[in-house]
Amino acid sequence: IDPKLPTKEEVEMHNLMGHVEYRNWCEICVRCQGRDLDHRNMKGKERKFPEYSFDYCFPGDEVGFKWTVLAGKVRDSDAWMATTVPMKGSTGRFAIDKVLEFFEENGDKEGTILIKSDQEPAIDFLVNSIVEARPEGRTIVELSPKESKGSNGAAEEVENQVRKLFLALQ
């Protein structure tokens, strides 16, 4: 850890850039990403299919209200999505349509993909709905181990970024 404090200009640039790079001297970065580190043992491992991770997050919890966000990320890519949803696990088509648009934007509308998520019932419901909405046999589902908070790290990266932006706006 570098004990040197940043200059005023470095702090301003970091804030202007939306806290994209984690900085241990930034209160917002530490509050949002200083929790459990995700599991990175798969980093650099070649994959046969694009791997998408999804999770719900609640960046409003810090200030006392619920703001439900569906976060998604393509592993080993800069592509990510975050959209507010009425509630997690809702039966409407909004979240499903947003995820399908995300696949299309990344060129994976018809291709085989891997979806990784935790075993929470609400996200499981969403993933099953996505599997039904896509061409048969084109969606492989992989569930993170139970009680393994950091193993769905790709989606949690997006959650951390949403939290940082939300707190920075505060």
Can you tell me which residue is nearest to Ser53 (Cα to Cα) among those in the range 74-101 that are open to solvent by 60 Å² or more (accessible area, probe 1.4 Å), of a type in the set (Lys, Arg) and within 17 Å of the chain's Cα centre (by Cα)? Lys98
Can you list residue pairs whose Cβ atoms sit under 6 Å apart, with the first residue in the range 115-134 being of a type in the set (S, T, N, Q) and the second being outside any loop (DSSP other than H, G, I, E, B)? Count only pairs 6 or more apart in sequence or on different chains. Ser117/Phe54; Ser117/Ile123; Ser117/Val127; Gln119/Leu143; Ser129/Ile96
Could you check Glu104 against (1) part of a loop (DSSP other than H, G, I, E, B); (2) surrounded by fewer than 14 Cβ atoms within 10 Å (Cβ to Cβ) and say which number it fails? (1)
In the range 13-46, anything at pLDDT 65 or above and either assigned to a loop (DSSP other than H, G, I, E, B) or under 27 Å from Lys98 (Cα atoms) (or both) is listed as Met17, Gly18, His19, Val20, Glu21, Tyr22, Arg23, Asn24, Trp25, Cys26, Cys32, Gln33
I'm told Ser117 meets every condition in (1) open to solvent by less than 20 Å² (accessible area, probe 1.4 Å); (2) modelled with pLDDT of 90 or more; (3) small (Gly, Ala, Ser) except one. Can you identify the failing condition by its number? (2)
Six or more apart or on different chains, Cβ atoms under 7 Å: show the pairs whose first residue is in the range 49-60 and free of Cβ contacts under 8 Å to residues at least 24 places away in the same chain and whose second is part of a loop (DSSP other than H, G, I, E, B). Phe58/Lys66; Phe58/Trp67; Phe58/Thr68
Neighbours by Cβ (under 7 Å, 6+ apart or cross-chain): first from the range 159-170, of a type in the set (Asp, Glu); second open to solvent by less than 20 Å² (accessible area, probe 1.4 Å): Glu159/Asp55; Glu159/Cys57; Glu159/Ala71
Of the residues in the range 123-150 that are open to solvent by less than 40 Å² (accessible area, probe 1.4 Å), among the hydrophobic types (A, V, I, L, M, F, W, C) and at pLDDT 90 or above, the one that is nearest to Met87 (Cα to Cα) is Leu126
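The values are calculated or read from the model by the stated rules, or taken from the named source; none is laboratory data. Values in this document were obtained by computation on a predicted structure and should not be read as measured data. In this analysis, Cβ positions are derived from the backbone assuming ideal geometry, glycine residues included, and neighbour counts consider all displayed protein chains. Side chains included, ligands, DNA and RNA excluded: accessible areas come from the protein's heavy atoms. Shrake-Rupley method; radii C 1.70, N 1.55, O 1.52, S 1.80 Å.
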